[in-house]
Amino acid sequence: MKPIAFVFTGAAIMSPAPVLAATGSAVPDLTTHPIGYAAIAIFVLAYLLVMAEEFTGLRKSKPVILAAGVIWAMIAWIYAADGMTHQVEQAVRHNLLEYAELMLFLLVAMTYVNAMQERQVFDALRSWLLGRGLGLRKLFWLTGWLAFLISPLADNLTTALLMCAVVMAVGGDNPRFISLACINIVVAANAGGAFSPFGDITTLMVWQKGIVEFNTFFALFVPALVNFIVPASLMHFAVPNDPPRIVDDGATMKRGARRIIVLFLLTIVTAVSFHNLLDIPPVIGMLTGLAYLQFMGFYLQKTAHRDYPGRVDNEDHEGQMGEVVAFDVFEKVARAEWDTLLFFYGVVLCVGGLGFLGYLALASEVMYLQWGATEANIAVGLLSAVVDNIPVMLAVLTMQPDMPTGQWLLVTLTAGVGGSLLSVGSAAGVALMGQARGYYTFFSHLRWTPAIALGYAASVATHSWINAGYY
């Protein structure tokens, strides 16, 4: 899942040049050293395994964690030969600190999402949608709009899965509708996450880095909206306008659900306030917000008898009442996407290692000095359709190109919405290929890639027009 995002790496992920200047030791240029070539080969191999996860069943965290350890071991071995292990240690510790901020921030967000799922917040929303009796075209637009508006707060993966469940329930006998609606949901969820600091990991990375202020991200609302509206309008005429299959499972929210939603919003306000008003890392605000949920969980446990008035209160040490398990915050923590969190560790350390070797400095020179910032940032979005946008954005942040705010907004937009070009370009697309297997496929998405690309180009043009003052 991709709920929200954070910034890591940066100044302490350095190329060999500053290290040599500080120490005076004769360390070879590692960008042309066998160790450098080996590091690139290991990272590419690891990422090929990540991309093949759907076919191999190998969790994506495993190859990148192994690659990270091997890359930094090789770097440390070379530097140890010249007695410069301190520089390597500093760089690794900086990477670990930045990863810890990312991991803890995401862990709190995932815990809140899991708590809302357990309280049946999303089930109740799905049930409400199923009971509206809307035509398929109206449902196509409604699920798209909800994906666009929910993903800035929840992550785009959870949002996409929720909307896909509605689509599958209502249009189960109409494969064309399911395919088009899933494409629309993926595009909308990715676009919605692009204009919010909490909407995607890439936006959170840029915000925490301090490159773009919190309020400035909302300048991307209109370009992101264009990215969603253009392909949706083109697909609209292909959506069958048949009556839906009426389904209503009667799901309702459990006690405390609304209060948990309010606490989640309060947690976001706390994180933003800590960062903007107190200059404290947002993760401290998020962890403070986790305490809100813990106290709420304590209250729900102590009052669990209200949910089952006919039961005798014989609560044991595990928080159970008979066969009914009371609300447990730590169970929600345990259900976090640990594979995703550990995947981020591997990516941060791998990209940090390549930056330390000097490769990202070379890439920055080619992309941002030779190509130009606009061309480079558009290319970042296209690359995000093939490679996950997290390592791509992390690499850009590590390069630290000298760009105005308008260009940083552009790369935030393109990295966020570029993954919509292919079904494998985002977590939402990959998840929906599994949830709507046989209906939403790589090739069904590919048929509409030209329309999505038109929306991509239109969003870039819109940003360049309405946000010209940021350049």
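The values are calculated or read from the model by the stated rules, or taken from the named source; none is laboratory data. Quick caveat: nothing in here was measured; it's all calculated off a predicted structure. As a convention, Cβ positions derive from the backbone with ideal geometry for all residues, glycine included, and neighbour counts pool all protein chains shown. With ligands, DNA and RNA removed, areas are computed over all heavy atoms of the protein, side chains included. Shrake-Rupley method; radii C 1.70, N 1.55, O 1.52, S 1.80 Å.
Checking residue 141 against (1) crowded, with 23+ Cβ neighbours inside 10 Å; (2) at pLDDT 80 or above; (3) more than 30 Å from residue 329 (Cα to Cα): exactly one of these is not met. Which one?
For residue 141, the failing item is (1).
Output the residues belonging to the range 455-465 that are surrounded by 15 or more Cβ atoms within 10 Å (Cβ to Cβ) and of a type in the set (A, V, I, L, M, F, W, C).
Scanning the range 455-465 gives 458, 460.
Failed condition for residue 79, given (1) at pLDDT below 80; (2) farther than 30 Å from residue 197 by Cβ, with all others met?
Looking at each condition in turn, residue 79 falls short on (1).
Looking only at the range 432-454, which residues are within 15 Å of residue 165 (Cα to Cα) and crowded, with 20+ Cβ neighbours inside 10 Å?
Within the range 432-454, 432, 433, 436, 439, 440 qualify.
Residue pairs, Cβ under 6 Å, 6 or more apart or interchain, first in the range 436-457 and in a loop (DSSP other than H, G, I, E, B), second surrounded by fewer than 18 Cβ atoms within 10 Å (Cβ to Cβ). List them.
Correct list of pairs: 439/175.
Please tell me if residue 37 is open to solvent by less than 20 Å² (accessible area, probe 1.4 Å) and over 30 Å from residue 177 (Cβ atoms).
no
Hand me the list of helices (runs of 4 or more DSSP H) wholly inside the range 371-421 holding 2 or more residues that are touching a Gly at 6+ places or on another chain (Cβ under 7 Å) and modelled with pLDDT of 85 or more.
Output list reads 373-384, 405-417.
Quick test of your reading of the structure: residue 427 fulfils all but one of (1) under 14 Å from residue 193 (Cα atoms); (2) open to solvent by less than 20 Å² (accessible area, probe 1.4 Å); (3) of a type in the set (A, V, I, L, M). Name the failing condition by number.
With respect to (1) under 14 Å from residue 193 (Cα atoms); (2) open to solvent by less than 20 Å² (accessible area, probe 1.4 Å); (3) of a type in the set (A, V, I, L, M), residue 427 is out only on (2).
Between residues in the range 75-104 that are free of Cβ contacts under 8 Å to residues at least 24 places away in the same chain and assigned to a helix (DSSP H, G or I) and residues that are open to solvent by 40 Å² or more (accessible area, probe 1.4 Å) and basic (Lys, Arg), which pairs lie under 6 Å by C-beta distance while being six or more apart or on different chains?
Cβ pairs passing all conditions: none.
Hey, any hits in the range 279-288 for a residue that's hydroxyl-bearing (Ser, Thr, Tyr), at pLDDT 80 or above and either in contact with a strand residue (DSSP E or B) (Cβ under 8 Å, 6 or more places away or on another chain) or open to solvent by 20 Å² or more (accessible area, probe 1.4 Å) (or both)?
Yes, that holds for at least one residue.
Within the range 359-367, identify whether any single residue is in contact (Cβ under 8 Å) with a residue 24 or more places away in the chain and of a type in the set (Asp, Glu), and answer yes or no.
No, that holds for no residue.
Take the residues of the range 61-81 that are over 15 Å from residue 357 (Cβ atoms) and of a type outside the set (A, V, I, L, M): which is most open to solvent (accessible area, probe 1.4 Å)?
Among them, the one singled out is 62.
Quick one: residue 399 ticks every box in (1) among the aliphatic types (A, V, I, L, M); (2) open to solvent by less than 20 Å² (accessible area, probe 1.4 Å); (3) over 16 Å from the mean Cα position of the chain (by Cα) bar one, so which box is it?
Of (1) among the aliphatic types (A, V, I, L, M); (2) open to solvent by less than 20 Å² (accessible area, probe 1.4 Å); (3) over 16 Å from the mean Cα position of the chain (by Cα), only one is false for residue 399: (2).
Tell me which helices (runs of 4 or more DSSP H) are completely within the range 16-60 and hold 2 or more residues being closer than 15 Å to residue 351 by Cβ and modelled with pLDDT of 85 or more, or say none if there are none.
Here the list reads 34-51.
Before we move on, is residue 150 buried (at least 19 other Cβ atoms within 10 Å of the Cβ) and touching a residue at least 60 places away in the same chain (Cβ under 8 Å)?
no
What's the number of the condition residue 347 fails, among (1) surrounded by fewer than 24 Cβ atoms within 10 Å (Cβ to Cβ); (2) within 19 Å of the chain's Cα centre (by Cα)?
Of everything listed in (1) surrounded by fewer than 24 Cβ atoms within 10 Å (Cβ to Cβ); (2) within 19 Å of the chain's Cα centre (by Cα), residue 347 misses just condition (1).
Could you please find all residues in the range 279-298 being in a helix (DSSP H, G or I), without any contact (Cβ under 8 Å) to a residue 24 or more places away in the chain and within 23 Å of residue 99 (Cβ to Cβ)?
284, 285, 288, 291
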